[in-house]
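First comes the structure, then the notes that go with it.
The values are calculated or read from the model by the stated rules, or taken from the named source; none is laboratory data. Predicted, not measured: the structure shown is a model, and the values here were computed from it. Backbone-built Cβ (ideal geometry, glycine too); neighbour counts: all protein chains shown.
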C-alpha cells in the first residue's frame with residue numbers, strides 16, 4: 001500500500017497538495033477457505049474514487065460535510081473549512097471503488113481549509129480524484 005505524499009504546491013507558498021494513492025492492490029482472501037473450495041476473481045487493483053474528511057480517526061465516525069460544493073460539467077469541487085485549531089483532529093480518508101476499507105491519515109495541524117476536485121462519471125458519481133489542496 002502506498003503512503004500519502006504531502007508536497008508544497010507551486011501556486012501558493014502556504015498551500016499543500018495531498019496525494020491519495022491512485023491504486024491499491026487487492027489480494028484474494030484465501031485464508032480460512034475450506035478444502036475443496038477455491039477463491040475466484042483473483043487479485044486486482046482498486047482505483048481511487050474520492051477523498052473526504054473526518055473529525056478524528058475515520059473508524060466509526062461519520063464524514064464531515066463540505067461547506068461548499070460546485071459542479072461544472074463532469075468536475076465537482078468541494079471545500080471544507082477546518083476552523084482555527086480544528087485541523088489538529090481532522091483526518092483525510094481516501095476511498096476506493098468497490099472497497100470497504102479506506103486509507104487515512106491525520107492532517108498537519110496548521111491547515112484551515114481543504115478543497116477536493118473530483119472527476120464525475122456520466123451519472124454524476126465520483127470517478128476519481130483530480131486534486132486535494134489544503135492551506
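Descriptive notes on the structure:
- Hey, residue 18 in a strand (DSSP E or B), at pLDDT 70 or above and either within 13 Å of the chain's Cα centre (by Cα) or closer than 12 Å to residue 132 by Cβ (or both) or not: yes
- Qualifying residue in segment 77-84 (condition: at pLDDT below 90 and either surrounded by 12 or more Cβ atoms within 10 Å (Cβ to Cβ) or part of a strand (DSSP E or B) (or both)): yes
- Residues (assigned to a strand (DSSP E or B) and under 16 Å from residue 64 (Cβ atoms)) located in segment 92-117: 92, 93, 94, 95, 102, 104, 105, 106, 113, 114, 115, 116
- Among the residues making up segment 120-135, a single one is in a loop (DSSP other than H, G, I, E, B) and surrounded by 14 or more Cβ atoms within 10 Å (Cβ to Cβ): 135.
- Residue count, segment 44-60 (criterion: under 12 Å from residue 80 (Cα atoms) and without any contact (Cβ under 8 Å) to a residue 40 or more places away in the chain): 1
- For residue 117: the one exception among (1) under 19 Å from residue 47 (Cβ atoms); (2) surrounded by fewer than 12 Cβ atoms within 10 Å (Cβ to Cβ); (3) in contact (Cβ under 8 Å) with a residue 24 or more places away in the chain: (2)
- Among the residues of segment 95-114, the ones that are touching a helix residue (DSSP H, G or I) at 6+ places or on another chain (Cβ under 7 Å) and crowded, with 16+ Cβ neighbours inside 10 Å come to 2 in all.
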